[in-house]
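Below is one structure, written out as structure tokens; comments come after it.
The values are calculated or read from the model by the stated rules, or taken from the named source; none is laboratory data. Because the structure is a prediction, the values reported are computed rather than measured. Using ideal geometry, Cβ is built from the backbone for each residue, glycine included, and neighbour counts are taken over all protein chains shown. Keep in mind that these areas ignore ligands, DNA and RNA; they rest on the heavy atoms of the full protein, side chains included. Shrake-Rupley method; radii C 1.70, N 1.55, O 1.52, S 1.80 Å.
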Amino acid sequence: MTPELDELQPAIQPDETLSHEIRIAALLAAFRAHPRFLLTSHARPDGDAIGSVLALAEVLDQLGCRVDIVLADPIPATYHTLPNLHRIHHTPSANDIAADPNIPAILLECDGIARTGLLGLEGRTLINIDHHASGRHFASVNWIDEHACAVAAMVYRIAVAANVEITPSMATCLYAAILSDTGAFTYSSTTANTFALVHDLAAHGADPSQIARDIYFSNPATKIRLLGIALSNLQTEGDLAWAWVTSEDMSRIGATAEDCEGVVNYLISIASVEAAVFLREVPDASQFRLSIRSKGKLDVAQIAEHFGGGGHRNASGCTIDGPLSVATDRILTRLRTGLC
């Protein structure tokens, strides 16, 4: 049996709970008012973005809507086993799939149109669902819940409120999204409510062990070689750790940006480290893409936002201009200040 909504609420005030219920009702009213939607999430999609768009598409299907899922960037190989992945179109412009500007767009985990990396969203009716502290009310309908462990948890609540069937494929996508966005249930966003939610998803057909194997034990050899290069560059200073790879390193072993995912987790796993950052050089751009992690003492989302990025308290990212020495100095200065 699906848990009642109030059993899966985070520890928030009654008026805030009511506010979320009102916003879910507004979302459902918007869904029922339109026959077709364009559904997207942020550029460089992660597990939460991918699993959530697939699951929400199923919710909309059951509500009688036509759904076109469009993402600007390719799906990482880690998530290629998710059900219904064929539904996702990879294209730089929403107009390639849904040219009619009267088709509303639903944006998951975005603080604005630019975050999607897509063209063709301007002028459309927008619906915004986000769980980041940096979320903004930029759309016609907005639901932001920074207490949610993943946007997938919000999609689950929408499904429950809509009284649709939690299918095995929907449960699988939502479980994978929550598993990845909680750092395999290690981030502080993981609560008893999180486990109640994933318990229900398992009861509806998600296979926890298979999903974990697909996400964590299906790495290409290039990813392991890249990890070796990054760890050979490891530096520590008190409760800070950092490492990097250059575009030349990546080219030499045939690695891709996707292979860099998760490297920073090895840095933050060091016993004495409170904050860690991994820097990846962006080819032909004189920039570095940063993945930042914290064990909780430091809110790295605020650090990332300072550089135009964003994320969660324990996991965030941003891009900083190079060269490496400059990018490293800028991020370490902010991290040192925050840890003082």
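Screening Cys260 against (1) out of contact with any Phe, Trp or Tyr (no Cβ under 9 Å at 6 or more places or on another chain); (2) under 17 Å from Leu324 (Cα atoms) leaves a single unmet condition, (1). Would you check which residues across segment 106-146 are on the phi > 0 side of the Ramachandran plot and over 16 Å from the mean Cα position of the chain (by Cα) and list them? If the condition is that a residue be on the phi > 0 side of the Ramachandran plot and over 16 Å from the mean Cα position of the chain (by Cα), then Gly120, Gly123 are the ones that fit. Of the residues making up segment 294-311, those that are surrounded by 16 or more Cβ atoms within 10 Å (Cβ to Cβ), in contact with an Asp or Glu (Cβ under 8 Å, 6 or more places away or on another chain) and within 22 Å of Ala271 (Cα to Cα) are Ser294, Lys295, Leu298. If the condition is being in contact with a helix residue (DSSP H, G or I) (Cβ under 9 Å, 6 or more places away or on another chain), surrounded by fewer than 17 Cβ atoms within 10 Å (Cβ to Cβ) and outside any strand (DSSP E or B), then segment 321-336 contributes no residue at all. Within segment 142-168, the set of residues being touching a helix residue (DSSP H, G or I) at 6+ places or on another chain (Cβ under 9 Å), open to solvent by 30 Å² or more (accessible area, probe 1.4 Å) and in contact (Cβ under 8 Å) with a residue 24 or more places away in the chain comprises His147, Val160, Ala161, Glu165. Of the set (1) at pLDDT below 95; (2) within 21 Å of Ala257 (Cβ to Cβ); (3) not β-branched (Val, Ile, Thr), all apply to Glu305 but (2). None of Thr222, Thr236, Thr256 is modelled with pLDDT under 95, surrounded by fewer than 16 Cβ atoms within 10 Å (Cβ to Cβ) and of a type in the set (Val, Ile, Thr) except Thr256. Being modelled with pLDDT of 95 or more, assigned to a loop (DSSP other than H, G, I, E, B) and open to solvent by less than 10 Å² (accessible area, probe 1.4 Å): is that true of Leu60 here? Answer is no for this residue.
For segment 67-105: of the residues being among the small types (Gly, Ala, Ser) and under 19 Å from the mean Cα position of the chain (by Cα), which is farthest from Leu121 (Cα to Cα)? Spell out the reasoning first.
Pass one, segment 67-105, residues among the small types (Gly, Ala, Ser): 72, 77, 93-94, 98-99, 105.
Narrowing the set further to residues that are under 19 Å from the mean Cα position of the chain (by Cα) leaves 72, 77, 105.
Values: Ala72: 12, Ala77: 27, Ala105: 7 Å.
Residue satisfying both the conditions and the ranking: Ala77.
The helices (runs of 4 or more DSSP H) falling completely within segment 164-265 that include 2 or more residues that are over 22 Å from the mean Cα position of the chain (by Cα) map to 221-232, 247-253. Checking each residue in segment 19-45 for being touching a Pro at 6+ places or on another chain (Cβ under 8 Å), under 20 Å from Glu109 (Cα atoms) and either open to solvent by less than 10 Å² (accessible area, probe 1.4 Å) or assigned to a loop (DSSP other than H, G, I, E, B) (or both) picks out Phe37, Leu38, Pro45.
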